[in-house]
Amino acid sequence: MTRTVQCVVLKKEAEGMDYAPYPGELGQRIYDHVSKGAWGQWLEHQTMLINENRLSPIEPKARALLVSEMEKFFFGGGAEKPAGFVAPEE
């Protein structure tokens with residue numbers, strides 16, 4: 001049976017994740033309140049942040065920034081695009 005959650009991003013009942021995607025309390029909050037679809041949206045946003053800001057996820061400052069942006073994305077009313085970001089043409 002598929003696990004469902006009331007997704008804080010999509011604002012509706014949606015399929016939940018199979019496991020906590022991040023360690024600790026933040027990972028548990030995400031597991032409890034974020035759907036698989038919303039997690040996919042975060043992964044796209046995170047990739048954009050890494051590329052646009054030229055972040056290296058192995059650096060502690062970059063990881064701290066990504067965790068902060070993850071909390072904003074899911075629980076803080078959404079995250080902003082980097083300054084000067086221009087979406088690629090399709």
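Every number here is computed from the coordinates shown, using simple stated rules; none is lab data. Just so it is clear, the model here is predicted, and its values are computed rather than measured. Here Cβ is always computed from backbone atoms with ideal geometry, including for glycine, and neighbour counts include all displayed protein chains.
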Total lysine pairs whose alpha carbons fall under 23 Å of each other in the chain (8 or more apart, or interchain): 10
Inverse mean reciprocal Cα-Cα distance (Kirkwood Rh) of the chain, Å: 13.9 Å
Cα-based helix-to-principal-axis angle, 60-75 vs the chain, degrees rounded to 10: 50 degrees
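Quote the charge dipole size of the chain about the Cα centre in Debye, to the nearest 20; the model charges only the Cβ of Lys and Arg (+1) and of Asp and Glu (-1).
Once rounded to the nearest 20, the dipole reads 180 debye.
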The stretch 21-66 - convex hull of alpha carbons, volume per residue in Å³: 70 Å³
